[in-house]
Amino acid sequence: MTSIDVLDLTKEFGPRRAVDRLTFRVLPGRVTGFLGPNGAGKSTTLRLVLGLDRPTSGTATIDGRPYATLSEPLRRVGALLDAQAPHGSRTGRDHLRALAASNRIPFRRVDEALEETGLAPAARRRVKTY
């Protein structure tokens, strides 16, 4: 199982500090979400964890390694940063199955993940209806 560790993570955009010495740990098998107002640093933190942006200081690792160094990252951790990313006419299940197919993840894992997260009842609805 995969753990996510963030230690003293800071991100500055010029004079503005978007993330300020954030430290947390996500234990293996836990589904975790961030809540907060616009501008609180939620998306920036996830971008830092996923290696889509570089921190000003601090670290974010998955099982002790930066996300970018994982050989098959979607086999270990997943994230959806933009709710508009999935095609609106696809079902949630079909979107996840496409990701599974492109990352050598068995289709059965899609249904397991939907059950684990309590999303199975919505899995066959079109994404644009969410």
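Conditions tested, residue by residue: (1) within 23 Å of residue 69 (Cα to Cα); (2) exposed (fewer than 10 other Cβ atoms within 10 Å of the Cβ); (3) in contact with a strand residue (DSSP E or B) (Cβ under 6 Å, 6 or more places away or on another chain); (4) of a type outside the set (Lys, Arg).
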| residue | (1), (2), (3), (4) |
| --- | --- |
| 6 | yes, no, yes, yes |
| 9 | yes, no, yes, yes |
| 23 | yes, no, yes, yes |
| 36 | no, yes, no, yes |
| 39 | no, no, no, yes |
| 43 | yes, no, no, yes |
| 50 | yes, no, no, yes |
**Item:** Residues of region 58-77 classified as touching a residue at least 24 places away in the same chain (Cβ under 8 Å) and surrounded by 12 or more Cβ atoms within 10 Å (Cβ to Cβ), total
**Value:** 10
**Prompt:** Mind checking which residues of region 66-86 are under 17 Å from residue 109 (Cα atoms) and of a type outside the set (A, V, I, L, M)?
**Reply:** 72, 73, 75, 76, 78
**Item:** Complete set of residues in region 85-125 that are among the aliphatic types (A, V, I, L, M) and either part of a loop (DSSP other than H, G, I, E, B) or out of contact with any helix residue (DSSP H, G or I) (no Cβ under 8 Å at 6 or more places or on another chain) (or both)
**Value:** 85, 98, 105, 119, 123
**Item:** Residues of region 80-122 satisfying the condition of being under 15 Å from the mean Cα position of the chain (by Cα), of a type outside the set (D, E, K, R) and surrounded by fewer than 14 Cβ atoms within 10 Å (Cβ to Cβ)
**Value:** 80, 81, 83, 84, 85, 117
**Prompt:** Within region 81-109, how many residues are modelled with pLDDT of 90 or more and touching an Asp or Glu at 6+ places or on another chain (Cβ under 7 Å)?
**Reply:** 0
**Asked** Which one is nearest to residue 82 (Cα to Cα), of the residues in region 47-60 that are out of contact with any Leu (no Cβ under 8 Å at 6 or more places or on another chain) and among the β-branched types (Val, Ile, Thr)?
**Response** 49
**Message:** Can you go through 53, 82 and tell me which one is touching a residue at least 40 places away in the same chain (Cβ under 8 Å) and assigned to a loop (DSSP other than H, G, I, E, B)?
**Reply:** 53
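The values are calculated or read from the model by the stated rules, or taken from the named source; none is laboratory data. Since the structure is predicted, the reported quantities are computational estimates derived from the model, not experimental observations. In this analysis, Cβ positions are derived from the backbone assuming ideal geometry, glycine residues included, and neighbour counts consider all displayed protein chains.
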